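S.K.: One structure follows; several queries about it will come next.
The values are calculated or read from the model by the stated rules, or taken from the named source; none is laboratory data. Source: prediction; values computed, not measured. Note that we place each Cβ from the backbone using ideal geometry, even for glycine, and neighbour counts take in every protein chain shown. For the accessible areas, the whole protein counts, side chains as well, though only heavy atoms, and no ligand, DNA or RNA atoms are used. Shrake-Rupley method; radii C 1.70, N 1.55, O 1.52, S 1.80 Å.
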Amino acid sequence: MREQEAKLANVKKSCEVARKVTKVFSILMIVATVLCLIAGITVFAARNYINDNVVVEDYNNDGIIRFRVADGVTDEFSGYITMDDISSAGIIGVSFNLDKAISEGKIAQILMGECFGAFLICLIATAIYIMIQKAFVLIKNSETPFDPAVLKRLKVVFVIITIAALLFSGLGTAVMSGIVFWCVYCILDYGFILQQEVDETL
């Protein structure tokens with residue numbers, strides 16, 4: 001029985017460490033989300049000024065847009081732009097003709113797309129980290145990690161992560177994530193059944 005108590009103490013200790021780590025990541029994601037939103041709003045508010053005063057100096061389809069600002073200084077804006085069209089592999093696809101936007105002088109629209117795309121990704125990541133953090137808190141406060149409330153919370157987290165993978169990364173990543181999470185959930189569910197049997201024999 002002492003060994004079981006020691007193992008449970010280790011589980012609670014590891015959950016506390018995981019809770020702290022996910023809390024740090026969730027705070028970082030909240031900060032990143034706010035910064036992306038502020039940047040997007042700022043670019044939107046200054047879109048006319050940006051479009052009138054920023055000229056593309058060089059774009060070789062190499063993932064970097066070099067542009068010249070009104071004062072003649074050359075700066076660089078680099079992002080995930082590597083093709084004529086910006087696109088994602090997930091169900092939520094973004095189609096943006098980069099060459100057309102550059103030829104029409106819509107530099108602000110390109111920057112806004114980057115900012116609000118990053119905002120959406122950071123927002124979803126923040127929600128996932130917060131849910132994972134709460135799951136670790138629940139495990140830490142439970143008498144056993146094989147608790148129905150813990151299993152229910154983990155199932156919700158697993159489903160949301162799988163859906164996010166499907167929407168933003170594509171079917172392959174979603175299927176792989178779903179299979180891994182399903183296996184982990186089945187193992188925990190089996191542990192819950194064993195825990196019930198042990199409790200009934202005591």
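S.K.: Around TYR185, under 14 Å between beta carbons, what's the net of Lys plus Arg minus Asp minus Glu among the other residues?
M.R.: Details: positive: LYS152, ARG153, LYS155; negative: ASP147, ASP189.
Here the count lands on +1.
S.K.: Residue-wise, which Karplus ³J(HN,Hα) couplings in Hz belong to region 129-144, taking 6.51 cos²θ - 1.76 cosθ + 1.60, θ = phi - 60°, and x for glycine or proline?
M.R.: 4, 5, 5, 5, 4, 5, 5, 5, 4, 5, 5, 4, 8, 7, 6, 8
S.K.: Can you give the accessible area per residue of region 138-191, in Å², using a 1.4 Å probe?
M.R.: Values: 3220 Å² over 54 residues.
Result: 60 Å² per residue.
S.K.: What shape does region 106-196 have by the C-alpha gyration tensor, where a ≥ b ≥ c are the square roots of the eigenvalues, rounded means a/c under 1.5, and otherwise prolate means a/b greater than b/c and oblate the rest? Please report the intermediate quantities before stating the final value.
M.R.: Numbers: a/c = 5.97, a/b = 2.15, b/c = 2.78.
Oblate, because a/c is 1.5 or more while a/b does not exceed b/c.
S.K.: Obtain the nm distance between the two label points defined at ASP52 and VAL184 by a simple spin-label model: each point lies 7 Å from its Cα along the Cα-to-C-beta direction.
M.R.: The answer from the label model is 5.2 nm.
S.K.: If you don't mind, there's one more thing I want to ask. Give the carbon-plus-sulfur fraction of the accessible surface of region 123-202 in %, rounded to a whole number; probe 1.4 Å, heavy atoms of protein chains only.
M.R.: Values: 3510 of 4900 Å².
Carbon plus sulfur share of accessible area: 72 percent.
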